[in-house]
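These notes are about the structure you will find just below.
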Amino acid sequence: MSAQSYCVQPENGIETQQIEDLLDEAFGIERRVLTSYRLREGVAPLKELSYAAWIGTTLVGSLRFWPVRIEETWDALLLGPLAVATRIRGQGCGIALMETALSKARDLGHERVILVGDEPYYARVGFARVPDGKLIMPGYVDPDRLLCRELAAGSMDEVKGLVGRVG
Ligand SMILES: CC(C)(COP(=O)(O)OP(=O)(O)OC[C@H]1O[C@@H](n2cnc3c(N)ncnc32)[C@H](O)[C@@H]1OP(=O)(O)O)[C@@H](O)C(=O)NCCC(=O)NCCS
């Protein structure tokens, strides 16, 4: 194992400030006005699906999920934010965080995941563009960046409508 190898672990609950710093580095502080944040405001991330990547005692990656409900009917996970420290990008950390968490989400019985992000990247872990008009976000989102992945086959078939906050 090289000195730069990272390890992916469940969040331990004490790294909150380090995660905020990493997200500011990755997205800038303006991240807080994005539509996805409207769905997160006042709602806690799902602890059981929050993962961190470490090199020694330095946090180098973070992935969290929030619960959302579509048309007040269908539960879904909102993936993100996902961020990896600049110095270890391109070493598979982002994909490793997502594969670990998505596998856990499936084991826990979650059926569908949505996110706002770059399709060419997230397609690597099975995400695809949501068909136009199927989902409505509570604010502007570039339709090319609204993506979903079924964790249970056919679980997006009937789903349609407004994505809302849970809680
Ligand atoms: C996006 C991000 C999480 C990727 O993390 P990472 O650990 O470097 O990603 P991985 O090592 O798992 O994957 C790297 C591969 O994905 C590709 N990739 C990375 N970001 C991409 C993007 N936005 N679009 C398309 N491909 C992308 C890389 O070119 C690389 O390709 P290669 O394997 O063919 O060389 C990281 O760059 C980051 O934190 N960026 C800033 C925050 C951000 O934009 N997050 C959400 C993305 S919408």
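Yes/no matrix, rows are residues, columns are (1) in a helix (DSSP H, G or I); (2) within 14 Å of the ligand (Cβ to nearest atom); (3) without any contact (Cβ under 8 Å) to a residue 40 or more places away in the chain; (4) not hydroxyl-bearing (Ser, Thr, Tyr):
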residue: 101; (1), (2), (3), (4): yes, yes, no, yes
residue: 104; (1), (2), (3), (4): yes, no, no, yes
residue: 121; (1), (2), (3), (4): yes, yes, yes, no
residue: 133; (1), (2), (3), (4): no, no, yes, yes
residue: 138; (1), (2), (3), (4): no, no, no, yes
residue: 144; (1), (2), (3), (4): yes, yes, yes, yes
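Across segment 16-35, what is the number of residues that are part of a loop (DSSP other than H, G, I, E, B) and over 18 Å from residue 86 (Cβ atoms)?
1
When the residues of segment 87-96 are narrowed to those that are within 8 Å of the ligand (Cβ to nearest atom) and outside any loop (DSSP other than H, G, I, E, B), which ends up surrounded by the fewest Cβ atoms within 10 Å (Cβ to Cβ)?
Ranking the qualifying residues of segment 87-96, first place goes to 95.
Take the residues of segment 1-15 that are in a loop (DSSP other than H, G, I, E, B) and in contact with a helix residue (DSSP H, G or I) (Cβ under 8 Å, 6 or more places away or on another chain): which is nearest to the ligand (Cβ to nearest atom)?
The residue in question is 6.
For segment 60-71, state whether one or more residues are under 17 Å from the mean Cα position of the chain (by Cα), open to solvent by 40 Å² or more (accessible area, probe 1.4 Å) and not hydroxyl-bearing (Ser, Thr, Tyr).
yes
Out of segment 47-76, which residues are in contact with a helix residue (DSSP H, G or I) (Cβ under 6 Å, 6 or more places away or on another chain) and within 16 Å of the ligand (Cβ to nearest atom)?
Within segment 47-76, 51, 53, 59, 60, 61, 62, 63, 65, 66 qualify.
A quick yes/no check of all residues on (1) under 17 Å from residue 63 (Cβ atoms); (2) assigned to a loop (DSSP other than H, G, I, E, B); (3) open to solvent by less than 20 Å² (accessible area, probe 1.4 Å):
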| position | (1), (2), (3) |
| --- | --- |
| 110 | yes, yes, no |
| 115 | yes, no, yes |
| 124 | yes, no, no |
| 141 | no, yes, no |
| 153 | no, yes, no |
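Are there any pairs, at least 6 apart or on different chains, whose C-beta atoms fall under 6 Å, with the first in segment 5-28 and touching a residue at least 40 places away in the same chain (Cβ under 8 Å) and the second open to solvent by 40 Å² or more (accessible area, probe 1.4 Å), and if so, which?
8/100
The values are calculated or read from the model by the stated rules, or taken from the named source; none is laboratory data. Owing to the predicted nature of the structure, the values given are computational and were not obtained by experimental measurement. When we count neighbours, we look across all protein chains shown, and the Cβ atoms used for this are built from the backbone with ideal geometry, even at glycine. Ligands, DNA and RNA are stripped out before the accessible areas are found, and what is left, the full protein with its side chains, is counted by its heavy atoms. Shrake-Rupley method; radii C 1.70, N 1.55, O 1.52, S 1.80 Å.
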